[in-house]
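The values are calculated or read from the model by the stated rules, or taken from the named source; none is laboratory data. Since we're looking at a predicted model, the values are computed, not measured. A quick note on method: Cβ atoms are made from the backbone with ideal geometry, for glycine too, and the neighbour counts reach across all protein chains shown. All accessible areas refer to the heavy atoms of the entire protein, side chains included, with ligands and DNA or RNA removed. Shrake-Rupley method; radii C 1.70, N 1.55, O 1.52, S 1.80 Å.
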Amino acid sequence: MKLEVVVLPVTDVDRAKAFYQSLGWREDADFTVDEGYRVVQFTPPESEASIIFGTGVTNAAPGSAQGLQLTVYDIEEARDALLAAGVGVSELFHDETGIFHHAGTAARISGPHPERADYSTFASFEDPDGNGWILQEIKKRLPGR
């Protein structure tokens, strides 16, 4: 089994579509089946998993998807690209534990991980509905990953 699609709850499908287009993500589909059912799919660069949003695809509250993670090789380059696209993105941070990251912002320590350890430096941004994304820098994966 592999993760293929994550469904995002959004308020305005066209606004969400414009946002993900502005990130340079590949548009895979935009199907309007009927007035109450529209499916839009995007895939981030180099990703095997996609996102889907639309009308009638989820009962979740818009903006309720949190902790959606994008792995990047160079977090500063990825952050700069988001800023250039007009996206509000946080400063780099690491978690007070040095492992992954807590929900919310309380345990964030400003700046990259002191040893710049893989899996330990993050930045965050939100889509127009407040769905929360995390960038995680990984230059060398752990064995078996």
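Residues whose amide H comes within less than 5 Å of that of L92, counting only those at least five positions distant or on another chain, are G111 (H built at 1.01 Å from N in the peptide plane). Computed from Cα atoms, the angle from the helix 13-22 axis to the main principal axis of the chain rounds to 40 degrees. Axis angle, to the nearest 10 degrees, between helix 75-84 and the longest C-alpha principal axis of the chain: 40 degrees. The fraction of accessible area contributed by carbon and sulfur in the chain is 51 percent, rounded to a whole number (1.4 Å probe; ligands and nucleic acids excluded). For A18 and E77, the difference between the fully extended length at 0.36 nm per residue and the C-alpha to C-alpha distance is 19.0 nm.
Computed from label points 7 Å out along Cα-Cβ, the spacing between F31 and E96 is 4.8 nm.
The stretch 1-74 and the stretch 81-117 have Cα centres spaced 23 Å apart. Annotation: per residue accessible area for the stretch 1-56 equals 60 Å², rounded to a whole number [probe 1.4 Å, protein chains only].
Bridges between two residues of the chain, per DSSP, are antiparallel at a rate of about 75%.
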